[in-house]
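Beneath this line is the structure, given in structure tokens, with notes to follow.
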């Protein structure tokens, strides 16, 4: 399970989510693709077709920013010293 | 008004000759080279330590950069294993054809783990006199007119005569100052990797390796459910790096399981599972990889600014070799040399003239060749099916060889093979 894998990583959680779906774009087809494509499985599609994202466990790969673009997502790297800290990499 | 980071930097300087953003291989190579030559530089890294945000598959091809850093490769260099076995597996839905080249490769390459390697390189750069500040996130580059004059960290602006951007494959800094439009999904791939702890003895036994020697394997076909990409396996000293790479452009018509499930499926393939048995996953990582080759190269400089490594799109996938780290180290080196010579604008020429520019130019047709879906969703299965029929002895009469051949490779198929592979003449 993806949750078990993410639990192996070291994360330093930020109070400010570094990525956010812009209001009005929750049903965009590109976000639905991220449900399949996000390597951390952080995008979920609800029954009403709206996609939500959690930032806990984000691996900061940036794939969603590349695929969805800045029109749909506010995406920035987490602040210094926060987010995933790879011990092996 | 400019504030200085007086506490963190001991009030040393308000203006730096060189500021480097990102303590990965490219940034650290640049810092190390500059520091060795006596040029003061400050490296800003957003992670807790150098390498905290770095991920490789991964293997470092050492020969191209050996002489650029001749005193780096001593006993203390954290190379994991010297790769002496090169494997390629064509993976069908059932069955897989594996080829392995043992020995014979004339230039050395090594598996590495980046958190360890980058930290070590950061120490080397610091010993040489570079200043490295971690947990420092650069939010944007600072411009005065057309020239980049510094970087912003939190509320503070740090000024520099030259800024070297080494912030990786998704370089928001260069995009932020309009050096290039957002990098297209066509020029990027997503890599995911598990590091699986396994004892030295088991690794050497399973892969039939002498102590310190390592194996690399690439997988193509069903491993990505026929999508453009592949699987990889590298043996480290006491772990295995196992992962997948999928071209970002595949998202548009993705028919396969979600990426995390695809990796699990790869792990549970019988020919892979047996290699990992008893191992324990200790980390799960994901990272973008520049995959555009020559066409994916981004501008290398602007007034006051040099771009190195992944941030400049310097990487090359040939299908059987995947490179980026040697280009990162070399581009960092050449950026430093250009700065030392007082001619930073010459850096792009230096890159074009060295092996990076030449490789990217020579293999500029490769990206297009590798983009053909049939390489992933057709040929691996085809070869496996053909061989499976050859090796099958049924009850009763065995089919003639030519009958089996014609079933799998009728004329129209042979014609397609020619058409699909003829592009390789251009590489």
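Some observations on this one:
- Restricting the calculation to Cα atoms, the protein assembly as shown shows an Rg/Rh of 0.98 when the hydrodynamic-style radius is the Kirkwood one.
- Segment residue A:52..residue A:32, full-extension length gain: 6.2 nm, with 0.36 nm per residue of separation and the alpha-carbon distance subtracted.
- Order of B:400, B:337 under a 10 Å beta carbon neighbour criterion, fewest first: B:400, B:337
- Model label sites at residue B:401 and residue A:15, defined 7 Å from Cα along the beta-carbon direction, differ in position by 7.5 nm.
- From helices alone, the protein assembly as shown scores -8000 deg cm²/dmol at 222 nm; the rule is -39500 (n - 2.57) for each run of n ≥ 4 DSSP H residues, then divide by the residue total.
- For chain A, the relative contact order is 43 percent, taking Cα pairs closer than 8 Å that sit 6 or more residues apart in sequence and dividing their mean separation by the residue count.
- Rounded to the nearest 10 degrees, the angle from helix B:114-128 to the longest Cα principal axis of chain B is 30 degrees.
- For segment B:283-420, the spherically averaged projection of the C-alpha convex hull amounts to 12.9 nm².
- Förster radius 25 Å - calculated FRET efficiency between residue B:372 and residue A:71 (Cβ-Cβ, nearest 0.05): 0.25
- Per-residue Cβ neighbour counts within 10 Å put B:287, B:345 in the sequence B:345, B:287, beginning with the fewest.
- Looking at chain B, the pairs of alpha carbons with a distance over 31 Å make up 43% of the total.
- Segment residue B:256-residue B:100, extension gain: residue separation times 0.36 nm, minus the distance between their alpha carbons: 53.3 nm
- Taking B:191, B:176, B:332 in turn, the Gaussian network model of chain B (Cα-Cα springs below 10 Å) assigns the largest fluctuation to B:176.
- Net length gained if the chain between residue B:93 and residue B:70 were fully extended (0.36 nm per residue, minus Cα distance): 3.6 nm
- FRET E, pair residue B:353, residue B:391, Förster distance 41 Å, beta-carbon r, rounded to 0.05: 0.20
- Normalised by 2.2 N^0.38 Å, where N counts its residues, the alpha-carbon radius of gyration of segment B:188-290 equals 1.08.
- In terms of other Cβ atoms within 10 Å, B:320, B:379 run from fewest to most in the order B:320, B:379.
- Computed Rg/Rh of segment A:2-85, alpha carbon atoms with Kirkwood Rh: 0.95
- Residue by residue along A:24-35, Cβ atoms of other protein chains within 10 Å of the local Cβ number 1 on average.
- Relative contact order [Cα under 8 Å, 6+ residues apart], segment B:178-320, whole percent: 31
- In this calculation the C-beta distance from residue B:127 to residue B:417 is compared with R0 = 60 Å, giving a FRET efficiency of 0.65.
- Long-range tail of P(r) for segment B:372-426 (Cα pairs > 17 Å, %): 46
- Among B:71, B:118, B:359, the residue with the largest mean-square fluctuation in a Gaussian network model of chain B, with springs joining Cα atoms closer than 10 Å, is B:71.
- Selected from B:241, B:171, B:139 as most flexible by GNM, with chain B as the system and alpha-carbon contacts under 10 Å: B:139
- In percent, rounded to a whole number, the relative contact order of chain B is 20, using alpha-carbon pairs under 8 Å and six or more apart.
Only the coordinates and a few stated rules stand behind these numbers; no lab work does. Predicted model only: the values in this text are computed from it and were never measured. Backbone-built Cβ (ideal geometry, glycine too); neighbour counts: all protein chains shown.
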